[in-house]
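Remarks on the structure that follows.
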Amino acid sequence: MSVHRVGFGDSYRPREGHVSGGRLERVLRSGRFAVTAELNPPDSADPDETYRRALVLSEVCDAINATDASGANCHMSSLGICALLKAAGYSAVMQISCRDRNRIAIQGDVLGAAALGVNNVLCLTGDSVEAGDQPGAKPVFDLDSISLLDTIRGMRDDGRFLSGRAIKTPPRLFLGAASNPFAPPFDYRPERLAKKIAAGAQFIQTQYCFDVPRLRSFMSEVRDMGLHESCFILVGVGPLASSRAARWMRANVPGVHIPDAVIARLEGAADEKREGKQLCIDLIQEIREIDGVRGVHVMAYRQEELVNDIIHQSGVLKNRAPSIRAAGVTPKTEAN
Amino acid sequence: MYLMRRIATRNARPLELLYLALGRVGLALAPALKLCGLERLERPAAWFESWSKGALFDCRMCGRCVLSKTGMTCPMNCPKQLRNGPCGGVRQNGNCEVQAEMKCVWVDAWAGAGRMHRGGRLATLMAPLDHRLKGSSAWLRSLAKRAGDGDAAR
Ligand code: SF4
């Protein structure tokens, strides 16, 4: 299997002022507009399935998110995907949800991931087990996203487990958290972001944005509070496959808000799938103009093949080195 | 009871005052209580606490009461038992992601905190729960702590 190395760019030693040696942190701190993308985990023990999906994403993104049974549906684990991604030289964001593992398991996984070369983790509460394919499972929620952030920060900065026991070589991780500006209570969401930053969040990947006015008002509060200066905000986007898919998502995926106008736009189009893709491009172009937004996070559920086009056509990478701009080119050295 | 719990949130301000007053009474009584032996008081205290807070707040006796920092809303009623604020799944009508007919506990908490004097903005970072404390009296523990009894506070 040929390994595409465009996503390559992590280094072992962090630069001055960086907490990780990761490419995502470097791109963000250097002021460039970052792109991350979510990999839909396979229901398969075949590594090639993961690599096939990673390949199309890696051409256009700075790090690939390995989801942790999102929507409470069982798939290959985030640590497993990260191990595969790292073995092929990709940058990975390991998502950690509090739903399935207690504090002992999570801290162990964090050390394991760091040893595998993972540079970024995204701390999530996790969707409830009722949302997934095994609703009878026992929900754990021993930690929550904020105590999880605080725990990993303690492991990294103080070199200690939650118990206070020392860690010989602390993990070097760029810490991320999620934010959902589109869920009530709206006026609390910026405060919650502040709390996550206080707990250690350095970058944020938001829930899907289909409502730009709401994002604008969220961001304006974020700017008033100065939060955009203490974390890097990447806004979640994704193509909708059809108006039916949009309705289904709105009703069944927790936390996803899709305004009626968006569904109407899809319904009014001759080719709904194409319109969904165009809508995503339009959204990215609008979002990138908002002050304080430092990147986008693309979640293309079962439509990874569209991500490349979407990112190129949106123009967000146009100031980048050719290695990441030109699809299909395999650079020998990383341009960062 | 759900209804009672929501009424309590709506009255977060008077309840906060009541709490502060009770805290002061407790502190004044602390020397006498210590004389009785805090360990001996654990069972009756836990029983009384569970009965009264259960009726008012649907208290789940987690053993580390945070009501005064969460808008007088017990976060253990959140199906995910989150203690640091709402998840991202809150429905557009403010109801819970998991239990569609229930108002999200944290939507109520946010409203309650806004009514409180010292409620803050739910900004206090809560450490993960010590699950060994489940069922024990949080009042007694906090009293012992405030009265400077290091041993019983643990
Ligand atoms: S919606 Fe609110 S009550 Fe329901 S699980 Fe999320 S935080 Fe808890």
(Q) Just to verify a result, which residue in region B:81-95, among those that are open to solvent by less than 10 Å² (accessible area, probe 1.4 Å) and within 7 Å of the ligand (Cβ to nearest atom), is nearest to the chain's Cα centre (by Cα)? (A) B:Leu82
(Q) For region B:65-73, check the following and say yes or no: at least one residue is open to solvent by less than 20 Å² (accessible area, probe 1.4 Å), farther than 22 Å from B:Ala144 by Cβ and more than 12 Å from the ligand (Cβ to nearest atom). (A) yes
Q.
Consider region B:96-125. How many of its residues are more than 10 Å from the ligand (Cβ to nearest atom), open to solvent by 10 Å² or more (accessible area, probe 1.4 Å) and closer than 16 Å to A:Pro190 by Cβ?
A. 5
(Q) Please determine whether any residue of region A:111-119 is within 16 Å of the ligand (Cβ to nearest atom) and in contact (Cβ under 8 Å) with a residue 40 or more places away in the chain. (A) no
**Q.** Number of positions in region A:167-222 that are out of contact with any helix residue (DSSP H, G or I) (no Cβ under 9 Å at 6 or more places or on another chain) and small (Gly, Ala, Ser)
**A.** 1
Q. Here are some conditions: (1) within 10 Å of the ligand (Cβ to nearest atom); (2) assigned to a helix (DSSP H, G or I); (3) not aliphatic (A, V, I, L, M). B:Gly54 meets all but one. Which one does it not meet?
A. (1)
(Q) Here is a check on your reading of the model: is B:Ser68 away from chain A (no Cβ under 13 Å), closer than 24 Å to A:Pro139 by Cβ and in contact with an Asp or Glu (Cβ under 7 Å, 6 or more places away or on another chain)? (A) no
**Q.** Members of region A:114-164 that are of a type in the set (A, V, I, L, M), part of a loop (DSSP other than H, G, I, E, B) and more than 12 Å from every other protein chain (Cβ to nearest Cβ)
**A.** A:Val118, A:Ala137
**Q.** Single residue of A:Ala199, A:Ala137, A:Ala183, A:Ala131 found to be modelled with pLDDT under 95, of a type in the set (A, V, I, L, M) and over 23 Å from A:Leu85 (Cβ atoms)
**A.** A:Ala131
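The values are calculated or read from the model by the stated rules, or taken from the named source; none is laboratory data. Because the structure is a prediction, the values reported are computed rather than measured. Cβ sites come from the backbone with ideal geometry, for glycine too, and all protein chains shown count toward neighbours. The area values use the complete protein model at the heavy-atom level, side chains included, leaving out ligands, DNA and RNA. Shrake-Rupley method; radii C 1.70, N 1.55, O 1.52, S 1.80 Å.
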